[in-house]
1. From the label point of residue A:101, set 7 Å from Cα along Cα→Cβ, how far away are the matching label points in the other copies, in nm, ordered shortest to longest?
2. Nearest 10 degrees, 0 to 90: what angle lies between the long axis of helix B:201-213 and the longest principal axis of chain B (Cα atoms)?
3. Could you work out [θ]222 nm for chain A from helices alone, using -39500 (n - 2.57) per DSSP H run of at least four and dividing by all its residues? Round to the nearest 500 deg cm²/dmol.
4. Loop by DSSP (not H, G, I, E, B), at most 11 other beta-carbon atoms within 10 Å: where is the longest site-free stretch of chain A for trypsin sites (Lys or Arg not before Pro)?
5. Nm distances between the label at residue A:250 and the same-position labels in the remaining copies, 7 Å along Cα→Cβ, shortest first?
6. On alpha carbon coordinates alone, what is the Rg over Rh value for the protein assembly as shown, Rh being the Kirkwood radius?
7. Taking the 0 to 90 degree range and rounding to the nearest ten, how far is the long axis of helix B:29-40 tilted relative to the main principal axis of chain B, both from C-alpha atoms?
8. Would you work out if the range A:112-249 is rounded, prolate or oblate? Take a ≥ b ≥ c from the square roots of the eigenvalues of the alpha-carbon gyration tensor; rounded if a/c is under 1.5, else prolate when a/b is larger than b/c, oblate otherwise.
There are 2 protein chains.
Amino acid sequence: MGTLKFKLTVAYDGSSYHGWQTQPSGRGVQDQVERALARLFRSHPSVVGSSRTDAGVHARGLAAHFEVPAEEFRMPAGHLPLALNALLPPDIRVRSAARVPLAFHARFGTRSKQYRYQVWNHPVMDPLRRNQAWHVPRPLDLAAMRTAAADFVGRHDFRAFTTNRGTELLDPVRTLTRCSVRRRGPHVSLIIEGEGFLYKMCRAIVGTLVQIGYGRYPATAVPAMLAGKDRRQAGVNAPAHGLVLWQVSY
Amino acid sequence: MGTLKFKLTVAYDGSSYHGWQTQPSGRGVQDQVERALARLFRSHPSVVGSSRTDAGVHARGLAAHFEVPAEEFRMPAGHLPLALNALLPPDIRVRSAARVPLAFHARFGTRSKQYRYQVWNHPVMDPLRRNQAWHVPRPLDLAAMRTAAADFVGRHDFRAFTTNRGTELLDPVRTLTRCSVRRRGPHVSLIIEGEGFLYKMCRAIVGTLVQIGYGRYPATAVPAMLAGKDRRQAGVNAPAHGLVLWQVSY
């Protein structure tokens, strides 16, 4: 008989969830996906996601895998998104599904992850974006932010940009391949890509860049923050609701 | 002493409201704006809006006016947005305020209004856009939609594109100056501009164009629909949540 393994690409509006990870409250996105799978497959597959994501963080392309006994799977893999979306709440959508080799692992196999962060930089917030962008009313110096963003790219000890969790600090070195800042009118987007991320690392990078953008720190502050390895010397954590896990590559 | 008159530009997420207009339930956007004004001015000004907007329709630039006795107004007009936004719920924002002559009237003085309608044209809905775009899963023929859209521009009897309300049918002739369709990936935007609109006219135009886009009607169907003056010969009303009152000009 054997086992089949599938990869799902999942998008969600994180506003109503306590992050991806299963919660005792049942308000993890993973809980919802497992509930839908349990209605399709007797074996109640559990799901492994590429990332945890904090409460309120959104996803456009979180990757996840699950396994199911071959004899329970009676549809073309391409029908999985439709079948699951019919059972999921409208703030969670399976964008695609594909059969993968049993060796595939959504968490351990990742090659890179891209996050995007939206800032609304205008004195008045756009009410249609209030749950998906951080409202920064004061003018931002984009040139200073871009200078600072470039200093995050490369292999660094990111201890100053994580909210302490014991185990990760044994290996706080990560490699960023991209950290860029774009503006279109009041809409400022930050794109951050890397092989892996520490807990709340993206939000600490964004918070620091925004504080550099309004002059709280100089444009050249990042190298010393990285070298200092002290969370208190870096900037604030940007709020969760501006962050989107955009894409995960294998 | 005298009276001062102000124009407000208001943006809102219409998801939680029964439209702009004051409601017995108090769930009109206007009710919220008047409640905020009543906390700033003893005279409890009432507000006149440029448009009613249906339940669920959003606004980026609805215009409104109110009057206040000069002796009650003790701040620069430029401070009004900040003062009002501090009292309004986060899904309603006053974008700007300006003193206007007493002859200004937000409803009767309009020169043109622009609406924008968002369609998400992809088999799977984007959960982050689900309250601000109509999900149309089937592929759309944009060329057919553009041909049809051009036939709406000009001065026409729009009786076939309104949901019957007695008084308007005495004068169902309106002039559209723009009706265009743009695509960026799965994101299809319709821009409709005109001197004035009948009840639900925008949503009937969009619904008809989308039905033309997936072949329910031919690209050349619009002139006969207009000439027929029969609501049943035109297309469906597009859902409210994709529509934004974008801009009002005087």
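Every number in this text was worked out from the coordinates using simple rules, so none of it is lab data. Computed from a predicted structure; not experimentally measured. All Cβ positions, even for glycine, are placed from backbone atoms using ideal geometry, and neighbour counts span all protein chains on display.
1. 7.8
2. On a 0 to 90 degree scale, this one is about 30.
3. Theoretical 222 nm ellipticity from helices: -5500 deg cm²/dmol.
4. Formally, the longest exposed-site-free interval is A:166-250.
5. 5.9
6. Radius of gyration over Kirkwood radius for the protein assembly as shown works out to 1.02.
7. 10
8. Here the range A:112-249 falls in the prolate category.
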